[in-house]
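Values quoted throughout were computed directly from the atomic coordinates according to the rules given, and no laboratory measurement underlies them. Here the structure is a predicted model, which means the values were calculated and not measured. A quick note on method: Cβ atoms are made from the backbone with ideal geometry, for glycine too, and the neighbour counts reach across all protein chains shown.
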Amino acid sequence: MKKIISYIPGVALAFFIAILAKSIENLLPIPLISASVLALFIGMGFNIFRKEKDTFSKGVGFTGKKVLRIAIVLLGASLNVATILNVGRLSLAVMIFTLLTCFGGGYFVGRALGLNWKLSNLISAGTGICGGSAIAAISPVIEAEDKDIAYAMSATFLFDMAMIILFPIMGHALGLDDMAYGLWAGTAVNDTSSVVAAGYAFSEGAGDFATMVKLTRTLVIIPTVIVFAMISNRLKRKENVEGEVKYSITNIFPWFILGFLAMAALNSLGVFTPELSGFLKDCSKFFMVAALAAIGLKTNFGELKQSGFAPMVHGFIISALVVIVAIGVEIALGIAVIS
């Protein structure tokens, strides 16, 4: 009982920050910044006044790890493989090229900048899939450090803020129609809130299409977490000379990934009603916000400074390449006609 009580202060603090972040997000006139990013930065602000081990430590650690895994399981309830059919082959073709750019180009850029593979791939996942959700989903699979998660979130967030302003201007300058612009924004802008903001800033039709494309991008989390789980397991076996890490299904697919896949499969089969699916999605998003608040509470600005500007440069290069590749593929396929 005492052990459970010791977790309460930290869990309560993380959830308080999550509620605060959601409240700020709801007060914004447009979806300028997501609650996940707000919670991360608020948590980092709170961390300035915390001691290394205090009353909140146990609960904060629990929320940053266990609650995050529960959020990932519930996230599966909002994914429906059939969604990809509603958007069509055109968006899929563009996404394939942007994902190859993110992870292929990200690998070489990360090595050139001297970044560790975990941070490099978190930035690539955040840029190529869906910002904070992808980073949060992949980080426990590869056992990323909290400072790497915070840095990856920061890198994708800063570029998104610029894209909300620049994308509508560039779209009008290029003479794109609603569908071409929506496809471009939906595949090149990272976080969902930023896609919505950039899409509807152009037009209502563009915003609707950009949102649909973004939902399709979210499905890529499924194969991505599987691939990274296998990579992480292989690296563990390779590094462990004594063979303590054995090949097993639980090493490749931790319980929360199996739960995530099971929820996605059930939703795709129509087991969940739209109302239940929506409720579980809301729970997932809130738990994820609380988990990122906890990660912020364990991360300080001093640790981020030690990494220098290399992660930000990585995020900028990959994001810029994705913007160029996405519009280039649209032009090549005849989706976008530059007037």
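With the crude spin-label approximation of a point 7 Å out along Cα→Cβ, what separation in nm comes out for Asp177 versus Glu204?
My value for the distance between the label points is 1.9 nm.
Tell me what the chain gives for mean residue ellipticity at 222 nm when only DSSP H runs of n ≥ 4 count, each as -39,500 (n - 2.57), the sum divided by the residue total, rounded to 500 deg cm²/dmol.
-24000 deg cm²/dmol
For the cross-link pairs Lys58/Lys214; Lys58/Lys236; Lys53/Lys118; Lys51/Lys281; Lys3/Lys214, which exceed 32 Å when the distance is taken from alpha carbon to alpha carbon?
Long pairs (Cα-Cα over 32 Å): Lys58/Lys214; Lys51/Lys281; Lys3/Lys214.
What's the extension gain from Met161 to Lys51 if we count 0.36 nm per residue and subtract their Cα-Cα distance?
Full extension from Met161 to Lys51 adds 36.4 nm.
Working out 0.36 nm times the residue gap between Leu28 and Ala12, then minus their Cα-Cα distance, what length gain in nm do you get to one decimal?
Gain on extension, Leu28 to Ala12, equals 3.3 nm.
Restricted to Cα positions, what overall size does segment 116-250 have along the principal axes? Three whole-Å values, descending.
Principal axes ranked by extent give 61, 26, 19 Å for the Cα atoms.
For Ala320 and Tyr107, what does the FRET efficiency come to when R0 = 22 Å and r is the distance between their Cβ atoms, rounded to the nearest 0.05?
After rounding, the FRET efficiency stands at 0.85.
With angles folded into 0 to 90 degrees, how steeply does helix 178-188 sit against the dominant principal axis of the chain? Use alpha carbons for both and round to 10.
It is inclined by approximately 30 degrees.
Please work out how much length the chain gains when fully extended from Val227 to Leu100, using 0.36 nm per residue of separation minus the C-alpha to C-alpha distance, in nm with one decimal.
So the extension gain works out to 44.3 nm.
Place the peptides 130-142, 4-16 in order of packing, highest mean first, counting for every residue the other Cβ atoms within 10 Å and averaging per peptide.
For the peptides 130-142, 4-16, the packing ranking is 130-142, 4-16.
Based only on other Cβ atoms within 10 Å, what is the fewest-to-most ordering of Cys102, Cys283?
Listing Cys102, Cys283 from fewest to most nearby Cβ atoms yields Cys283, Cys102.
Taking other Cβ within 10 Å of each residue's Cβ, how do Val227, Val329, Val37 sort, fewest first?
Val227, Val329, Val37
Give the separation of the Cα centroids, segment 1-78 to segment 147-189, in Å.
Taking the Cα centre of each part, segment 1-78 and segment 147-189 sit 27 Å apart.
Taking the mean number of other Cβ atoms within 10 Å as a proxy for protection, how do you rank 116-124, 190-198 from highest to lowest?
With the highest mean Cβ count within 10 Å placed first, the list reads 190-198, 116-124.
In nm, to one decimal, how far is the Arg237 label point from the Glu275 one, both placed 7 Å along Cα→Cβ?
It works out to 4.7 nm between the two label points.
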